[in-house]
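> After the structure tokens below, expect a handful of questions from me.
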Amino acid sequence: MQRDATRIEWIGNSCRLLKATATEFEKTQPFAGLTIGTGIHLEPKTVALLMTLKAGGARLVCTGNLNSTQPSTVEFLRSQEITVFATQTTDPVAHHKSLEAVVAESPDLLLDNGGDLFAIAAEAPYAGLLGGTEETTSGRTRLLPMREKLNMPILVINDSPIKQFAENKHAVGQSLFESYMRFTNRSTNGKRVTVFGYGACGKGTAACFRNAFSTVSVVDIDPVTALEAHLDGFSTPLRNEAIASADVLVTVTGFPAIVTAADLPLIKDGAILMNGGHFPHEIDVAAFRQHPEVVRIDRYEADHIETLHLRDGRSFHILGGGHMANLAGPRPLGNSVESMDLGFTLQARCLERVARREVGAESCIVPVPRDIDAMVASAYLDMAR
Ligand SMILES: NC(=O)c1ccc[n+]([C@@H]2O[C@H](COP(=O)([O-])OP(=O)(O)OC[C@H]3O[C@@H](n4cnc5c(N)ncnc54)[C@H](O)[C@@H]3O)[C@@H](O)[C@H]2O)c1
């Protein structure tokens, strides 16, 4: 017998840890009677996480992140009676309405990615919010100043060593590299690549391009980290020189205005600019588009590439409008299934702990508890042996 199987099924069946967790949750029902509000990329891997939480008895109210919502994923979730407030949009105002709609449902737990949901809850607190999880570095940085207002357990998945090496280092590196190939269909061999930021994501990105025969430079504002890049064998030129030499320039710092319109005179003819950081503010795309030296912009709509032509004859290209390239553009894959299976199992286990009230307000914006890391690592190794 043959039957048509879907990509969502392929991804779900590849998330072996989540599948095992869902089987356990069906029996233990840690989220029975609770609503979980989620604000995380709506793509097939997230479905595996959301279905695991649903198996644990949760009612789910979901939205995505800016620009990354996949309509087929939304359709599937709705078919599973999951409430979704989300449209595929790059408009922050439209996206904010979806976030507000999720919080308006007064979820008992929040699963956040970038601090969007908790920031709303901090400004307009409501009774019954137990706490939840935050996925990213950028979210942690954003929420820390709101700690006193929040005063509830919020476990930061990004601060787990597993997330750091499995996803940020290995998977984001591979994924940004794959995105460059997917968007452009161009080679990496002999290209000069500059990576801004040598945190976990930057390390993986620099390594993947080097392994693909590019000459890689690294710029990091922290001299200790820049020294690490130097000792890892990357060249570490000063910022302006690194921009001027780049055939491909990747930002992955988590901070705004890494490359701005003031850098226009430096940009090499034919350079490709792409971002891997969470927010689309690392490359100041709007300022580039409006710069008086830009005389024409060619938009390759289907490929999500725009080419900016300058008065002096140079041109350069921006991928995905400066949004996270691995979740933008045609056929975005995102990070590998195995890395997300690990990270999302940490998510499910952390939410379980908050739901069971086993952590209190002293755990506001703290890393994943060590025993959860150990449990998830052991389960993965058992499956790999
Ligand atoms: N694309 C994805 O799928 C994905 C996945 C995980 C994380 N992220 C995002 O990637 C970003 C980086 O994450 P990370 O875990 O590597 O963070 P990190 O904090 O470990 O590293 C960031 C690095 O950027 C450096 N930096 C800061 N400002 C700089 C500047 N002006 N110039 C050069 N370097 C600068 C810092 O010194 C640091 O070494 C974050 O926004 C994070 O949310 C993206």
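> Among the residues of the range 115-134 satisfying the criterion of being in a helix (DSSP H, G or I) and away from the ligand (no atom under 16 Å from the Cβ), which is surrounded by the fewest Cβ atoms within 10 Å (Cβ to Cβ)?
Here is the first cut: in the range 115-134, the residues in a helix (DSSP H, G or I) are 116-123.
With the extra rule that they be away from the ligand (no atom under 16 Å from the Cβ), the set shrinks to 120-123.
Numbers: 120: 20, 121: 23, 122: 18, 123: 10.
Ranking the candidates gives 123 first.
> Among (1) exposed (fewer than 14 other Cβ atoms within 10 Å of the Cβ); (2) touching a residue at least 24 places away in the same chain (Cβ under 8 Å); (3) part of a helix (DSSP H, G or I); (4) not assigned by TED's automatic domain parsing to the domain that holds residue 255, there is one condition residue 357 misses while meeting the rest; what is its number?
(3)
Residue by residue, here is whether (1) under 20 Å from the mean Cα position of the chain (by Cα); (2) more than 22 Å from residue 158 (Cβ to Cβ); (3) not in a loop (DSSP other than H, G, I, E, B) holds:
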site	(1), (2), (3)
4	no, yes, no
9	no, yes, yes
18	yes, no, yes
21	no, no, yes
24	no, yes, yes
31	no, yes, no
50	yes, no, yes
65	yes, no, no
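> Taking the options 372, 305, 318, name whichever one is over 30 Å from residue 264 (Cα atoms) and within 22 Å of the chain's Cα centre (by Cα).
Details: 305 fails: over 30 Å from residue 264 (Cα atoms); 318 fails: over 30 Å from residue 264 (Cα atoms).
Only one candidate passes the filter, namely 372.
> To continue, here is another question. Which residue, of 207, 226, is surrounded by fewer than 23 Cβ atoms within 10 Å (Cβ to Cβ), of a type outside the set (Phe, Trp, Tyr) and within 9 Å of the ligand (Cβ to nearest atom)? Lay out the reasoning, then the answer.
Details: 207 fails: within 9 Å of the ligand (Cβ to nearest atom).
Sole residue among the options that is surrounded by fewer than 23 Cβ atoms within 10 Å (Cβ to Cβ), of a type outside the set (Phe, Trp, Tyr) and within 9 Å of the ligand (Cβ to nearest atom): 226.
> Does the range 135-146 contain any residue that is within 19 Å of residue 277 (Cβ to Cβ), away from the ligand (no atom under 11 Å from the Cβ), assigned to a helix (DSSP H, G or I) and not β-branched (Val, Ile, Thr)? Walk me through how you get there before you give the answer.
First, pick out the residues of the range 135-146 that are within 19 Å of residue 277 (Cβ to Cβ): 135-144.
In the following step, the residues that additionally are away from the ligand (no atom under 11 Å from the Cβ) were identified as 143-144.
If we keep only those that are assigned to a helix (DSSP H, G or I) as well, we get 143-144.
Then drop every residue that is not not β-branched (Val, Ile, Thr), which leaves 143-144.
So far as the range 135-146 goes, yes, one or more of its residues are within 19 Å of residue 277 (Cβ to Cβ), away from the ligand (no atom under 11 Å from the Cβ), assigned to a helix (DSSP H, G or I) and not β-branched (Val, Ile, Thr).
> Another question about this same structure. Restricting to the range 235-285, name every residue that is hydrophobic (A, V, I, L, M, F, W, C), within 13 Å of the ligand (Cβ to nearest atom) and closer than 24 Å to residue 210 by Cβ.
Residues satisfying the conditions are 238, 242, 243, 249, 250, 252, 255, 258, 259, 274, 283.
> Somewhere in the range 320-342, is a residue charged (D, E, K, R), outside any helix (DSSP H, G or I) and within 16 Å of the ligand (Cβ to nearest atom)?
Going through the range 320-342, the residues charged (D, E, K, R) turn out to be 331, 338, 341.
If we keep only those that are outside any helix (DSSP H, G or I) too, we end up with 331.
Among the residues that remain, those that are also within 16 Å of the ligand (Cβ to nearest atom) are: 331.
Yes, some residue in the range 320-342 is charged (D, E, K, R), outside any helix (DSSP H, G or I) and within 16 Å of the ligand (Cβ to nearest atom).
The values are calculated or read from the model by the stated rules, or taken from the named source; none is laboratory data. Keep in mind that what you see is a predicted model, and the values were worked out from it rather than measured. Cβ coordinates were reconstructed from backbone atoms using ideal geometry, including for glycine residues, and neighbour counts include every protein chain displayed.
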